[in-house]
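Notes follow once the structure below has been shown.
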Amino acid sequence: MAEPPAKRFKAADCNDIIIVSVGREQKKYYLYPCDAKKTSDLFRNADTTGPPLNIPRFDPETFDIYVEWMYDRNSALIAAKDSYEHLMELYKLGEYLEDSAFRNMVMDTTIEIGVKPTWAKGNIEFQHLFLIASGAMHRLWIRVCAVSTKPTDVWVAGKGTLDDFFFRYLIEEYATMGGDPTKFRLPTMEDRCDYHDHDADEPRCT
């Protein structure tokens, strides 16, 4: 069972516990509300006196990274840098937990490893990443693919190998970039705020 660090017991506002059951194996996590509720709307609405909050959709290995990030936000995603697929699963967890701060951190990590050394991948790999993505990750992968491939190549591939949903979004992205040539470039860390979930009145990232 995963428990919070012992030092957290010293916090006066951490007397209660949110119990979370994760995955098919129903691994139990014991989270302090003072930490869990900082950025997650799902946990803000959690009942500390009720039954465990059940999250069967995600495996414990993925949730472990979220818990680590909850307590130490500087190094938690290092273990997730092994694949884009793993990062997108973390992004979906952030959506489920209604935690925009976590989603933004996952997005930053995705862009960070994407620009080192290159975003370059084949069309079908881009399609795979797009189809398993969600939210702002859709926009990120469509932009990467649209900049990295020629419209004529995509059009030929689209006749037999590209998913219709992906193909339609890609053509729309070409149209967007055609109207604004400054957008015709691969995303960098300077662009990360364009893919973040922020309230309208929040300042841009620095």
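Every read-out reported here was derived from the displayed coordinates using simple, explicitly stated rules and does not represent laboratory data. Values in this document were obtained by computation on a predicted structure and should not be read as measured data. Don't worry about glycine lacking a Cβ; one is built from the backbone with ideal geometry, like all the others, and counts go over all protein chains shown.
Counting Lys and Arg as +1 and Asp and Glu as -1 over every other residue whose Cβ lies under 12 Å from the Cβ of Leu97, the net charge comes to +2. Placing a pseudo-label 7 Å from each Cα along the Cα-to-Cβ vector at Ser134 and Asp41 gives an inter-label distance of 1.4 nm. Scanning residues 5 or more positions from Gly23 or on other chains, those with amide H under 5 Å from its amide H are Ile55, Arg57, Phe58, with H placed 1.01 Å from N in the peptide plane.
Expressed in nm to one decimal, what extension gain is obtained for the pair Cys34 and Arg73 from 0.36 nm per residue of sequence separation less their Cα-Cα distance?
Numbers: separation 39, 0.36 × 39 = 14.04 nm, distance 1.52 nm.
Full extension of this stretch gives 12.5 nm more.
Taking 0.36 nm per residue of sequence separation and subtracting the Cα-Cα distance, how much length would be gained by fully extending the chain between Asp59 and Val147, in nm to one decimal?
Numbers: separation 88, 0.36 × 88 = 31.68 nm, distance 3.39 nm.
Using 0.36 nm per residue and subtracting the Cα-Cα distance, I get 28.3 nm.
Annotation for Asp199 and Thr48: the two label points, set 7 Å from Cα along the Cα-Cβ direction, are 2.3 nm apart.
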